[in-house]
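Read through the structure below, which is laid out as structure tokens, and then see the notes.
The values are calculated or read from the model by the stated rules, or taken from the named source; none is laboratory data. Computed from a prediction, not measured in an experiment: that's the story for all the values here. So basically every Cβ, Gly included, is an ideal-geometry build from the backbone, and we count neighbours across all protein chains shown.
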């Protein structure tokens, strides 16, 4: 018999044990967006929001309805660049990190 576990709970527990894991998730989500994989990036951001700030508090911080945020970060979501920027900034503040971007030559 296979045991299953809710990924949201697993991510939340890992972030509680290892705050650098949250920073890594944010970094990976941004990299995925920039490199043309928005579907995976949105789902990763959704898990990160659930495990850190939560959708209700995020909605308050960026002045958007939480239901809209859930849709934006769903599998078929289509957030605007303005909304993504607001989400990234709220997560950046929540995690107390500074975001930088670096381009590197392809091997």
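Within segment 75-88, the residues that satisfy the criterion of being surrounded by 13 or more Cβ atoms within 10 Å (Cβ to Cβ) and more than 11 Å from the chain's Cα centre (by Cα) are 77, 79, 83, 86. Restricting attention to segment 71-107, the residues being in contact with a helix residue (DSSP H, G or I) (Cβ under 6 Å, 6 or more places away or on another chain), within 20 Å of residue 43 (Cα to Cα) and in a loop (DSSP other than H, G, I, E, B) number 4. The condition (being modelled with pLDDT under 95, surrounded by fewer than 17 Cβ atoms within 10 Å (Cβ to Cβ) and not in a helix (DSSP H, G or I)) is satisfied by just one residue among 2, 10: 2.
Taking segment 58-70 as the range and being more than 17 Å from residue 85 (Cβ to Cβ) and either part of a loop (DSSP other than H, G, I, E, B) or under 14 Å from the mean Cα position of the chain (by Cα) (or both) as the test, the residues that pass are 65, 70. In segment 89-103, how many are farther than 13 Å from residue 57 by Cα and either surrounded by 12 or more Cβ atoms within 10 Å (Cβ to Cβ) or in contact (Cβ under 8 Å) with a residue 40 or more places away in the chain (or both)? Selection size over segment 89-103: 6. Applying the criterion of being touching a residue at least 60 places away in the same chain (Cβ under 8 Å) and surrounded by 14 or more Cβ atoms within 10 Å (Cβ to Cβ) to the residues of segment 20-44, the residue that is farthest from residue 97 (Cα to Cα) is 30. Can you tell me how many residues within segment 55-78 are modelled with pLDDT under 95 and within 22 Å of residue 10 (Cα to Cα)? So the count comes out to 2.
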